[in-house]
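Peer 1: To start, I am sharing the structure in question, which I have written as structure tokens.
The values are calculated or read from the model by the stated rules, or taken from the named source; none is laboratory data. Since we're looking at a predicted model, the values are computed, not measured. Please note: Cβ atoms are built from the backbone with ideal geometry, for glycine as well, and neighbour counts cover all protein chains shown. Accessible surface areas use protein heavy atoms only, side chains included; no ligands, DNA or RNA. Shrake-Rupley method; radii C 1.70, N 1.55, O 1.52, S 1.80 Å.
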Amino acid sequence: MYQKDNNSIIKHLDFVLLDLLLLEFSFFLLFGIRHGFGNVFKNSSFNLMAGILLIVHLAVVILTQSYQDILRRGYLVELKKVVQQNTWIMLIVFSLMFVAKMQNRYSRSVFIFSWMLSIVLVYGEHLFWKNVTRKRLRTSDGRSHLLLISDAESAEYCLGKLKEKKYQPYKV
């Protein structure tokens, strides 16, 4: 029997990795501006927080399922999801810093500006990559096919439901 795979993390691994890359880049850029770029990778504080950001990002992605229906979202819904995801990441990082008493190692301004920059970068990346992915899906010969064997009335009903959910147009 056919079962829908609800694991959107694997399905949208490209978005997960690009988001992680941009989140780390925004932290790297602002940490480098604050502390100098010459010793960023040699700084144990930077390396520790880069690892924490990686783990927290993956945990937030798994727990919030923020990539569900990502290709069907509109611009404002996408902005809302990006703000929510990045806000959760930063709130968890701030909480971990408070519990572990690491606040004195890091500048709050680095995290606040990193949060704002990552929202802008990730939102732009989502808009761009969604267009690329949609274009690839439209022109791909590896699309899934559906063979529907039914009477005319039921077939029209099924096709109407498929078109209602904004899937690619089907030939009758």
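Peer 1: Of the residues 113, 98, 94, which single one is at pLDDT below 95 and touching a Leu at 6+ places or on another chain (Cβ under 6 Å)?
Peer 2: 113
Peer 1: Related question: Just give me the residues in the range 87-108 being part of a loop (DSSP other than H, G, I, E, B), open to solvent by less than 70 Å² (accessible area, probe 1.4 Å) and not hydrophobic (A, V, I, L, M, F, W, C), in sequence order.
Peer 2: 106, 107
Peer 1: Assess whether residue 122 counts as being within 30 Å of residue 44 (Cβ to Cβ), out of contact with any Cys (no Cβ under 8 Å at 6 or more places or on another chain) and either surrounded by fewer than 15 Cβ atoms within 10 Å (Cβ to Cβ) or not acidic (Asp, Glu) (or both).
Peer 2: yes
Peer 1: If you don't mind, there's one more thing I want to ask. Residues to consider are 143, 138, 134, 105; find the one that is at pLDDT below 90 and farther than 29 Å from residue 13 by Cβ.
Peer 2: None of the others qualify; the one that does is 105.
Peer 1: Here is a follow-up. Is it the case, given these coordinates, that residue 48 is surrounded by fewer than 18 Cβ atoms within 10 Å (Cβ to Cβ), without any contact (Cβ under 8 Å) to a residue 60 or more places away in the chain, over 27 Å from residue 128 (Cα atoms) and of a type in the set (A, V, I, L, M)?
Peer 2: yes
Peer 1: Would you pick out the residues in the range 64-86 that are part of a helix (DSSP H, G or I), under 21 Å from residue 53 (Cα atoms) and either open to solvent by 70 Å² or more (accessible area, probe 1.4 Å) or out of contact with any helix residue (DSSP H, G or I) (no Cβ under 7 Å at 6 or more places or on another chain) (or both)?
Peer 2: If the condition is that a residue be part of a helix (DSSP H, G or I), under 21 Å from residue 53 (Cα atoms) and either open to solvent by 70 Å² or more (accessible area, probe 1.4 Å) or out of contact with any helix residue (DSSP H, G or I) (no Cβ under 7 Å at 6 or more places or on another chain) (or both), then 80, 81, 84 are the ones that fit.
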